[in-house]
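Participant: Dropping the structure in here first, questions after.
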Amino acid sequence: MPKLAALGGTPVAENGIRIEWPEIGPKEREAVLATLERREWCRLWSAEDSEASKFEREWARYHDARHCVAVANGTVALMCAFRALGVWHGDEVIVPSVTFVATADAVGLCGAIPVFVDVDPDTYQIDPAAAESAITDRTKAICVVHYAGYPADLDRLKELSDRTGLPVVEDCAHAHGTEWRGRKVGAHITLGCFSFQQSKSLTAGEGGAVITDSQDLADRVWAIHNVGRTRDAARYTHSSLGGNFRMSEWEATILRCQMVRLQEQTERRMRSAELIAEGLAQIDGLSLLKPDSRITQRGFYFLIIRYDATKWDGIHRDVFLRALQAEGIPCGTAYGWPVYKNPSYASGGVPHRVMDCPNAERITAEEQIATWNHLLLHVRNAILLVEACAKIRENIDELRRLAQG
Ligand SMILES: Cc1ncc(COP(=O)(O)O)c(C=O)c1O
């Protein structure tokens, strides 16, 4: 009788993995009803007592940032940030190759050209040296992604920004709660952008935000997100090019309730990640992204497991992945390939440039395994994940059989 579930054995997570996301309670129900009764479901001007304005103050405070503008989603948060920096037709914005497509698409939607650069092999984050080597006289900004919730090297990026004068946008769509040297990521350099889409560690189903310490940039983002109105504009006076990229009062209401849960949820996820780190340390050929003492708190979108085929008799990552999924563990290859391999880019349809990206190519094709932040909310899921990995290791002969088909 085979042991591996992929060959007909009993799955480790036979009774399923517990996933309940988002977590809700009476506070959310009461708050949504209160918004319903208020009959103000859209924040058009900077009404101090609107849910959107309250959320902005709370989200800014959480990041020790001076300003926050709540917007409709993470993609338009990035677009507003780029437009506030003056990114326009023909400009270039440097982006990492390993991220969700929206990071680069937001550049293209401004009429500019994303320039894809390589990532660090141990952290999967944008390689500052690769970013520097991609700078041309058309470069308008560098966009870094705290991919999976692991922070990019903000020390080196700040130094690069100071030296070159290029602004840095932090795409924090994966990094709610992540801290670098004791401060939440987002406003460390120029601007930071968040997504609150359903799968994120803080969600209202949809939603986004831009944070910054700069009054001038915050005012520009405000105008862009509100059809070009300044904060105190008369109703139909539009001073710059903008759109309706506003967050609804419903979303702000939910976010304010969910935010109260974020710290405790982050701690639960970190506890699960610690257990997984301890467990994987006993299993040859599996590891997590490199520990770094400057990361004082870790938020999660993905938990990344690095698979080293040389320690698994050359068996490909995808065979291991199939075996892990069969054990009942929800996991995958994250976005599967570097962004520029998507048909939108590879077909030549969207203008872009690609620098040499050997790490991004290898990581996505052979090494990266990702599971999701919601799984980490329950320690039992983390234990099952480690048990499943250990079981596959103990039955490597069966894994080989699986590889041979
Ligand atoms: C890294 C990254 N950036 C930007 C976005 C865009 O956010 P949204 O889906 O809210 O537009 C996402 C969304 O998944 C993301 O993962």
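No lab work stands behind these numbers, since they all come straight from the coordinates. Fair warning: this is a prediction, and the values are worked out from it, not measured in the lab. Cβ atoms come from the backbone with ideal geometry, glycine included; neighbour counts cover every protein chain shown.
Participant: Trp88 versus Leu33, label points 7 Å from Cα toward the beta carbon: distance in nm?
Facilitator: 5.2 nm
Participant: Using modelled backbone amide H atoms (1.01 Å from N, in-plane), which distant-in-sequence or interchain residues come within less than 5 Å of Ala47's amide H?
Facilitator: For Ala47, no residues qualify.
Participant: If you don't mind, another one. Using a 10 angstrom cutoff on alpha carbons, build the Gaussian network for the chain and name the most mobile of Ala233, Ala326, Ala131.
Facilitator: Maximum fluctuation in the GNM of the chain, among the listed residues, is at Ala233.
Participant: Calculate the all-directions average of the projected area of the range 261-403's alpha-carbon convex hull, and give it in nm². Present the calculation step by step, with values, prior to reporting the outcome.
Facilitator: Details: hull surface 42.1 nm².
Over every viewing direction, the Cα hull of the range 261-403 projects on average to 10.5 nm².
Participant: Oh, and also: Taking Lys27 as the anchor, which aspartates and glutamates have their alpha carbon closer than 20 Å to its alpha carbon, excluding any fewer than eight residues away along the same chain?
Facilitator: Within reach: Glu37, Glu40, Asp49, Glu51, Glu56, Glu58, Glu206, Glu249, Glu251, Glu264.
Participant: To the nearest 500 deg cm²/dmol, what mean residue ellipticity at 222 nm is calculated for the chain from DSSP H runs of n ≥ 4 alone, each contributing -39,500 (n - 2.57), summed and divided by the residues?
Facilitator: Values: 13 runs with 148 residues, N = 405.
Helices in the chain give a 222 nm mean residue ellipticity of -11000 deg cm²/dmol.
Participant: Using only alpha-carbon positions, what ratio does the radius of gyration of the range 26-258 give when scaled by 2.2 N^0.38 Å? Write down the numbers at each step before the final one.
Facilitator: Working: Rg = 17.2 Å, N = 233, 2.2 N^0.38 = 17.5 Å.
So the range 26-258 has a normalised radius of gyration of 0.98.
Participant: Cα gyration tensor of the range 1-111, axes a ≥ b ≥ c as square roots of the eigenvalues: rounded (a/c below 1.5), prolate (a/b > b/c) or oblate? Please list the in-between numbers first.
Facilitator: On the way: a/c = 3.16, a/b = 1.31, b/c = 2.41.
Oblate.
Participant: Students often get this wrong, so check it: of Lys54/Lys290; Lys158/Lys290; Lys158/Lys311, which have C-alpha atoms separated by over 30 Å? Don't jump to the answer; show the numbers that get you there.
Facilitator: Details: Lys54/Lys290 37 Å; Lys158/Lys290 21 Å; Lys158/Lys311 37 Å.
Table pairs above 30 Å Cα-Cα are Lys54/Lys290; Lys158/Lys311.
Participant: Hey, what's the Cα Rg ratio for the range 283-335 versus the globular rule of thumb, 2.2 N^0.38 Å?
Facilitator: Here the Cα radius of gyration is 1.31 times the empirical estimate.
Participant: Also, quick follow-up: Can you pull a Stokes-Einstein diffusion coefficient for the chain at 37 °C (0.692 mPa s), Rh from Kirkwood over Cα pairs, as a whole number of µm²/s?
Facilitator: On the way: Rh = 22.1 Å.
After rounding, the answer is 149 µm²/s.
Participant: Kirkwood hydrodynamic radius (Cα pairs, Å) of the range 190-267? Mind dumping the intermediate values first?
Facilitator: On the way: mean 1/r = 0.0722 Å⁻¹.
Value: 13.9 Å, from the Cα pair sum.
Participant: Another one. In terms of modelled amide H atoms, which long-range or inter-chain residues lie less than 5 Å from the amide H of Thr178?
Facilitator: Residues meeting the amide H criterion: Val185, Gly299.
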